[in-house]
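One structure coming up, written as structure tokens, with questions to follow.
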Amino acid sequence: MTTEVVVKTGLRYGASGKLLDVYQPGGASGPVPAVLLWHGRGPDERDVLALVARAAAERGVVVLVPDWRPDAPDGGRAHLRESAVFVRRNVSDFGGDSERITLAGWSLGGKAAVGVALNPAAFGDWRPRAIVGIAGSYASAAPTTGTVPLDDLRRGGRLLPPVPVWLVHGTADSVVDVERSRELCSALTEQGWPASLDEVATDHAGVIMTEFVPEYHRCLPSTAAHAVEAGSRTADVLARAAGITVQHSSRRS
């Protein structure tokens, strides 16, 4: 059973003037968990995450999806930081619980999210409830921190209070190989962090219920069975990471 979703679009979230969309489950009797969800490398592509954000909201979480620009001089760090500050200060206005915020991202956004967990000092020492990395690669510098998540983990992972890390990756991903998430999941486990990896039978775009359309140079909604199934699994993971009980799906951990 799904929940009706109220969508609010085009909200300004910081000094940069960037925009943010909110997917809010209707009918909640009190504050619900929230997810801040970052898009990937394409600049200002919050719309790419619309389907998976709505699906997660149907499962009972408030999902906030901001635009940001990885091509900015600072790699988008100011935009990402502004979006996190905005959500922490204002999520209650959308029915969310400021003490239960999960940070998530797809592709480059996934690397950015994981980077916050593994180098919190570089991102204002914020500790989200959980992290979700979707089809990310973690062996090069994260835009949030300027440091390499895997290096940060191996250097100081045991010195940090662990944050649960949930990973999702398509087994047919030709943009970022699924081995990148397997590598991070194993490294997290070795350092004593709670970590899980859902492997889904789709590609880099399908994991968020989209397909890459070359003539538009972007990902657009997909109705292909593999993308619908994989995107639903990703929405399940976002909800579970946030603390919502959803129907179990198979998981590699």
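The values are calculated or read from the model by the stated rules, or taken from the named source; none is laboratory data. Bear in mind that the values here come from a model prediction, so they are computed numbers and not experimental data. Cβ sites come from the backbone with ideal geometry, for glycine too, and all protein chains shown count toward neighbours. Note: accessible area is taken over every heavy atom of the protein model, side chains too, but ligands, DNA and RNA are not part of it. Shrake-Rupley method; radii C 1.70, N 1.55, O 1.52, S 1.80 Å.
Using the alpha-carbon centroid of each, what span in Å lies between segment 180-215 and segment 105-140?
The distance from the Cα centre of segment 180-215 to that of segment 105-140 comes to 13 Å.
Right, something else. What does the charge dipole of segment 114-253 about its Cα centre add up to, to the nearest 20 debye, if the Cβ of each Lys and Arg holds +1 and the Cβ of each Asp and Glu holds -1?
So the magnitude is around 520 debye.
I want to verify a result. In a Gaussian network model of the chain, Cα cutoff 10 Å, which of these has the top mean-square fluctuation: LEU238, LEU19, LEU159?
Checking each option, the largest mean-square fluctuation is seen for LEU159.
Let me ask something else about it. Can you run phi through the Karplus equation (6.51, -1.76, 1.60; θ = phi - 60°) for segment 76-84 and list ³J(HN,Hα) in whole Hz, with x for Gly and Pro?
x, 4, 5, 4, 5, 5, 4, 5, 5
Accessible area of segment 153-228 with a 1.4 Å probe: how many percent of it is carbon plus sulfur? Each step should come with its number before you reach the end.
On the way: 2120 of 3760 Å².
Carbon and sulfur together cover 56 percent of it.
Next up: Can you tell me the length gained on complete extension of the stretch ALA201 to ASP177, counting 0.36 nm per residue apart and subtracting the Cα distance?
Numbers: separation 24, 0.36 × 24 = 8.64 nm, distance 1.27 nm.
Length difference between fully extended and current span is 7.4 nm.
Give the long-range amide H neighbours of GLU211: residues separated by 5 or more places, or on another chain, with amide H under 5 Å away, using H modelled in the peptide plane at 1.01 Å from N.
For GLU211, the qualifying residues are LEU220, SER222.
Quick check on segment 37-87: take the gyration tensor over C-alpha atoms, sort the square-rooted eigenvalues as a ≥ b ≥ c, and tell me if it's rounded (a/c under 1.5), prolate or oblate. Write down the numbers at each step before the final one.
Numbers: a/c = 4.11, a/b = 1.72, b/c = 2.38.
It comes out oblate by the Cα gyration axes.
At 1.4 Å probe radius, can you tell me the per residue accessible area of the chain in Å²?
Working: 10400 Å² over 253 residues.
Per residue, the chain has 41 Å² of solvent-accessible surface.
Further, regarding this structure: Rounded, prolate or oblate: which fits segment 132-253 when a ≥ b ≥ c are the square roots of the eigenvalues of the alpha-carbon gyration tensor, with rounded for a/c under 1.5 and prolate only if a/b beats b/c? If you can, show how the numbers build up before the last one.
Working: a/c = 2.25, a/b = 1.44, b/c = 1.56.
Oblate is the answer for segment 132-253, as a/c is 1.5 or above yet b/c matches or exceeds a/b.
Counting helices only, and only those DSSP H runs with n ≥ 4, report the 222 nm mean residue ellipticity of the chain as the sum of -39,500 (n - 2.57) divided by its residues, in deg cm²/dmol to the nearest 500. Before the final figure, lay out the partial values.
On the way: 6 runs with 72 residues, N = 253.
When only DSSP H runs of four or more count, the value is -9000 deg cm²/dmol.
Taking the simple approach of a point 7 Å from Cα along Cα-to-Cβ for both ARG218 and ASP93, what is their distance in nm?
2.5
Among the DSSP beta bridges whose two residues both lie in the chain, what percent are antiparallel, rounded to the nearest 5?
Details: 15 of 39 bridges.
Restricted to the chain, the bridges split so that about 40 percent are antiparallel.
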